[in-house]
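Take a look at the structure below.
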Amino acid sequence: MKVFYLTPQRTPEGTYPQFIEPVEIPDPDRLPIEALRPADVWVLDLTHPAWATSVLRNLRTFTDPEVYLRPLFGFPKDADFPDFWATLLDGSTDLGALPALTAQAEKIMDRIRRLEPLQEEHFEIQVLIRLLRYLYTRDQRLQPIRDPSRSTGYTYPFLVLHFQPTDEHRIFDIVDLGEREGLLQGRFVDRFHLCPDCYSAFLNFRETCPACSSADLKREDLVHHFVCAHVAPESDFLQGDELICPKCHRQLRHIGVDYDRPSVLYTCRTCGHEFQNPMVRARCFQCGAQHLVENLIEKVAKEYDITSKGRNAALSGFTLTLGSLFHIEGVVDYATFKTFLRHEIERVRRSQRPSTLAYFEFTNFEELYLSIGDRRTRVFEEIARVIRENIRGSDVLSYLNERTLLFLYPETPVEGAQVALQRITQFIHQLVRDNFQNFQPLLKTNAIPIDPQGTVESHLEQLFKT
Amino acid sequence: METLVNFFLFWKTVGLDRIVRFFWYFFFLELTRYVLFDFAVITWYLLQKRRNREKYFQARQKLYAESPKVSVIAPGKNEGENLYKLARSLNEQTYRNLEIIIIDDGSDDQTPLIAQSLLKAGLIDRFLRNEVRGGKASAANLGLRFATGKFIVHVDADSSLDRDAIERILIPFYLDPCVGAVGGNVKVRNWRTNVITALQAIEYLKTISVARLVSSMLGIYRVVPGAYGAFRRDLLDQVGGWDIGPGLDGDITIKIRKAHCKIVFEPTSVCYTRVPESLRALTRQRLRWYRSLVRFRIRKHRDIFLPHANFRWSNWISFAENLFYNVVLDITWLVYIVDILAHFPTLIGYILPMNYFLYLFSNVFQFFAVLILSERRHEEWKLSVYLPLIVPYIGLYLRFVRTIAYLQEIFFRSSYKDLWNPRKTSAQAKAHGL
């Protein structure tokens with residue numbers, strides 16, 4: 001096994017074990033990739049942390065899987081290296097102990113060789129596949145890390161390297177997408193909140209005045225004097241150390257016997273407003289904005305395991321499907337749909353009752369999906385709702401591919417099917433127009449009557465031709 | 001048929017002197033006070049109303065020119081389901097400068113959530129809550145502590161108001177600056193539920209719409225109803241707000257009377273409230289009400305009867321009339337029954353049915369007075385089908401409950417055991433003789 005030792009400055013000959021070849025990289029932003037390729041394993045010099053983290057970043061974000069997935073160990077074992085970066089190494093070791101890690105390195109290399117070359121247009125999908133490949137080659141679980149130096153508080157080191165500091169929150173969209181597509185399986189770790197303006201997790205939660213939002217509050221008990229039913233803030237009763245009722249001038253001696261404290265009262269020192277239910281608001285340390293807690297973005301930090309579907313996606317990629325986004329129940333696969341269609345043609349031949357075959361294509365839905373960020377769940381749920389509302393229990397629904405839905409409407413004339421399709425397209429146009437000014441949805445639909453003389457293939461051909 | 005003929009023949013042959021002897025209780029005590037007297041006073045009221053139309057109009061203008069803030073306080077426990085109706089009716093008011101405050105006295109149901117949502121929706125201005133129940137008086141006082149209005153309108157959380165109710169309850173304050181509190185006209189919202197609620201609806205119309213109008217005209221009006229009444233804020237502060245109930249509405253009225261202020265009834269300011277729907281609940285409610293008469297009028301405020309610096313004849317008459325027509329007549333009624341049983345045991349079969357007819361006649365007459373005064377006579381006229389039952393309801397049932405309540409309170413001070421108030425407050429009230 002060939003091992004390269006990546007170091008900022010070469011040390012004298014003879015200080016390395018024989019099987020290690022030192023490579024001097026003075027500038028971490030100019031990696032001599034071609035010179036590094038011949039090695040099976042890289043070992044990174046951790047004695048210069050700033051240099052090492054830069055090299056690590058550049059290696060792990062490199063486009064070529066052979067580079068970003070390459071086994072990479074740190075040296076020395078007991079180096080003082082930040083946890084965040086240490087998770088991007090395959091381990092730290094002493095140079096003499098390297099041979100013990102050979103098996104681990106070989107396994108990674110073996111898995112890298114199995115990966116198929118992929119061309120993915122969309123950045124998010126690219127990043128997701130890179131993550132899946134990283135997890136797959138290492139049999140690793142993706143763990144959220146608490147990192148006070150990151151604005152989101154919780155982070156996933158491998159993912160976050162791919163984003164600019166202002167976009168770091170998008171790592172949660174990537175893992176959400178992976179989970180929704182069934183590529184990752186998440187397990188709850190923690191719940192946390194982000195500022196809706198700048199996505200920072202560094203929020204100061206405090207009780208504030210409902211009237212003026214000030215946090216400068218005075219909290220006081222209310223006192224209820226049983227004998228005369230007088231209720232007022234404690235300060236109304238206080239005379240020196242004694243509690244004297246301002247209404248009946250009796251002294252309050254014993255809690256529970258002649259008085260109690262039924263609730264509390266807050267007074268705002270800024271505007272003088274008196275109230276019982278302060279509002280919890282969060283002030284963002286980063287941008288200074290103040291928000292009610294219910295308006296913050298709530299996120300769940302999860303640890304993720306790659307699923308078998310995820311391993312397949314790591315090997316040969318995946319495509320987003322309308323089905324997995326829309327969560328429509330009772331969808332059949334394409335082969336089953338064709339069987340239904342064959343039966344329907346037969347039925348129409350015998351019963352002479354009209355039935356309709358239709359399709360609906362959202363040509364650029366992937367673009368919409370990837371561009372709308374946090375609102376996507378709501379948008380896609382709305383679209384799914386309209387589709388559900390416009391199919392009956394007897395209708396058959398399937399997918400031809402990730403962006404095309406097929407409908408079979410038994411005992412429905414073409415006009416009826418067109419009305420349903422029209423409702424769906426109108427709704428999507430409306431929804432997109434109301435929410436995303438710069439996006440133009442490309443929608444195609446068609447409906448044809450079932451021809452009792454035709455075949456399954458002739459129907460599908462005609463459907464997409466017209 | 002023969003019995004009926006006999007019955008008529010009997011009364012045809014009996015002379016007037018004997019009739020008076022048989023029905024002295026009805027003729028001397030009931031008919032005079034509740035029929036003849038009421039009609040005379042109502043006539044006087046209607047004439048005055050006509051005469052004062054211009055004054056009333058000016059007072060209304062004065063009210064709107066000043067447009068003082070009015071705080072509506074609604075204390076209650078577990079009243080969540082009724083709050084929306086109340087808030088809606090308050091938001092519909094013709095008088096707009098309102099501050100609506102809901103006070104939750106330690107509810108253990110969804111009430112806090114409902115009230116918070118009303119607050120969020122802007123239907124109420126303030127929601128206050130005692131986490132620990134302290135009784136209705138403490139809840140009302142908590143509301144008073146936070147109210148910022150010049151006038152305080154106290155409503156029960158299960159009530160709702162006509163859209164011009166607040167405007168109309170405020171006008172008396174501008175008609176006469178000596179007015180310290182105004183009682184609203186409380187009517188029954190759920191009268192269609194069953195016979196029990198329908199009978200209470202008739203009773204409310206008789207006792208509140210008519211009897212209170214009469215007592216108000218005479219200057220002896222006694223109770224600004226807890227369900228709906230308006231107060232001058234400075235006066236409430238002066239008397240220290242509400243004291244422990246039950247019967248805190250009557251109690252605060254007495255305190256205001258003692259402060260030498262006028263209390264009037266405004267029949268045109270209408271509030272609808274829910275009344276008990278079962279006999280059991282109604283009995284419990286009435287026992288509580290009637291006990292409070294003994295507790296407050298005979299015990300706590302007995303000084304009204306005594307000559308002292310604060311003595312006023314109107315207060316004396318108000319109390320005396322109340323005690324006479326409730327406590328004394330209850331006893332006299334027993335005397336009457338014993339009198340008839342002892343002297344005319346063989347004529348019971350004639351006297352009792354005739355009594356029923358006389359009372360029915362008197363009730364029909366009073367109901368007629370109600371309809372004269374009512375703003376909803378087409379609706380309320382429908383209640384007349386229940387009139388035949390009103391005689392046993394008022395004459396027997398209520399009289400019986402009332403007698404029991406008086407005896408319980410006189411001999412056992414039962415009002416202090418009533419769980420309507422938390423034990424801790426009742427214990428203190430009893431210890432201090434309040």
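The values are calculated or read from the model by the stated rules, or taken from the named source; none is laboratory data. Keep in mind it's a predicted model, so treat the numbers as computed, not measured. Here Cβ is always computed from backbone atoms with ideal geometry, including for glycine, and neighbour counts include all displayed protein chains. Remember, those area values only see protein heavy atoms, side chains included, never the ligands or the DNA or RNA. Shrake-Rupley method; radii C 1.70, N 1.55, O 1.52, S 1.80 Å.
For peptide A:242-248, the mean count of partner chain Cβ atoms within 10 Å of a residue's Cβ comes to 2. For a straight C-alpha distance cut-off of 27 angstrom, the lysines reachable from A:Lys338 (same-chain residues fewer than eight places away being disregarded) are A:Lys309, A:Lys444, A:Lys465. For the chain pair A and B, the buried solvent-accessible surface (1.4 Å probe, both sides summed) amounts to about 1900 Å². Of the residues B:Lys62, B:Lys258, the one with the largest accessible area comes first in the ranking B:Lys62, B:Lys258, computed with a 1.4 Å probe on protein heavy atoms. The largest accessible area among A:Thr63, A:Thr455, A:Thr152 belongs to the first residue in A:Thr63, A:Thr455, A:Thr152, and the rest follow in falling order (1.4 Å probe, all chains).
Hey, how many Å between the Cα centroid of region B:1-75 and the Cα centroid of region B:269-305? If we compute the Cα centre of each part, the gap is 22 Å. Would you kindly give the portion of the calculated P(r) for chain A that falls above 36 Å, as a percent of all Cα pairs? Across chain A, Cα pairs with separations above 36 Å total 54 percent. With a 10 Å cut-off around each Cβ of B:234-241, the average count of Cβ atoms from other chains is 2. Which value, in Å² rounded to 10, gives the accessible area of B:Asp38 with a 1.4 Å probe and all protein chains present? Counting only protein heavy atoms, B:Asp38 exposes about 10 Å² to solvent.
For region B:66-276, taking the reciprocal of the average inverse distance between every pair of different Cα atoms yields a Kirkwood hydrodynamic radius of 17.0 Å. Once the Kirkwood radius over Cα pairs is known for region A:210-277, the Stokes-Einstein relation at 20 °C and 1.002 mPa s delivers a diffusion coefficient of 168 µm²/s. Which percent, to the nearest 5, of DSSP beta bridges fully inside chain A are antiparallel? So the antiparallel bridges in chain A amount to around 75 percent. Can you tell me what share of the DSSP beta bridges in chain B is antiparallel? A percent to the nearest 5 is fine. Of those bridges, close to 30 percent are antiparallel.
Kirkwood radius for chain B, taken over all pairs of different Cα atoms as the inverse mean of 1/r, rounds to 23.0 Å. Residues of region A:271-291 whose accessible area, computed with a 1.4 Å probe over protein heavy atoms, drops by at least 40 Å² once all protein chains are present relative to their chain alone are A:Glu274, A:Gln276, A:Asn277.
Take the Kirkwood radius over Cα pairs of the protein assembly as shown, plug it into Stokes-Einstein at 25 °C and 0.890 mPa s, and you get 69 µm²/s for translational diffusion. Pairs spanning more than 20 Å between alpha-carbon atoms, out of B:Lys206/B:Lys382; B:Lys85/B:Lys255; A:Lys247/B:Lys262; A:Lys247/B:Lys258; B:Lys69/B:Lys258; B:Lys49/B:Lys255: B:Lys85/B:Lys255; A:Lys247/B:Lys262; B:Lys69/B:Lys258; B:Lys49/B:Lys255. When you work out D = kT/(6 pi eta Rh) for region B:293-434 at 4 °C and 1.567 mPa s, using the Kirkwood radius from C-alpha pairs as Rh and the Stokes-Einstein form, the result is 69 µm²/s.
Out of every Cα pair in region A:52-101, what percent are spaced more than 15 Å from each other?
On the way: 555 of 1225 pairs.
Considering region A:52-101, 45 percent of its Cα-Cα pairs are separated by more than 15 Å.
Taking square-rooted eigenvalues a ≥ b ≥ c of the alpha carbon gyration tensor, is region B:6-86 rounded, prolate or oblate, where a/c under 1.5 means rounded and, failing that, a/b exceeding b/c means prolate?
Here region B:6-86 falls in the oblate category.
Neighbours of B:Pro267, meaning other residues whose beta-carbon lies under 11 angstrom from its beta-carbon, give a summed charge of +2 when Lys and Arg score +1 and Asp and Glu score -1. Rounded is the label for region A:3-114, because a/c, from the alpha-carbon gyration tensor with a ≥ b ≥ c as root eigenvalues, stays below 1.5. A Förster distance of 56 Å, applied to the separation of the beta-carbon atoms of B:Asn52 and B:Thr346, puts the FRET efficiency at 0.50.
Here is how the number arises for the protein assembly as shown: DSSP H runs of 4 or more residues each give -39500 (n - 2.57), the sum is divided by the residue count, and the result at 222 nm is -12500 deg cm²/dmol. Enclosing the Cα atoms of region A:379-453 in their convex hull gives a volume equal to 101 cubic angstrom per residue. Ignoring ligands, DNA and RNA, what percent of the accessible area of the protein assembly as shown is carbon or sulfur (1.4 Å)? Of the solvent-accessible surface of the protein assembly as shown, carbon and sulfur hold 54 percent. Accessible area per residue for chain B is 44 Å², calculated with a 1.4 Å probe on protein heavy atoms, without ligands, DNA or RNA. In whole angstrom, note down how far apart the Cα centers of region B:107-144 and region A:33-83 are. Each part reduced to its Cα centre gives a spacing of 64 Å.
Starting from the residue with the highest accessible area, list B:Arg60, B:Arg222 in decreasing order, probe 1.4 Å. Mind dumping the intermediate values first?
Working: B:Arg60 85, B:Arg222 55 Å².
Result of the area sort, largest leading: B:Arg60, B:Arg222.
Between the chain alone and the structure with every protein chain in place, find the residues of region A:217-235 that drop at least 40 Å² of accessible area; heavy atoms, 1.4 Å probe. So the qualifying set is A:His224, A:Phe226, A:Val227, A:Ala229, A:Val231. Placing a pseudo-label 7 Å from each Cα along the Cα-to-Cβ vector at B:Thr94 and A:Phe19 gives an inter-label distance of 10.0 nm.
Probing with 1.4 Å while keeping every protein chain in the model, the per residue accessible area of region A:210-277 equals 46 Å².
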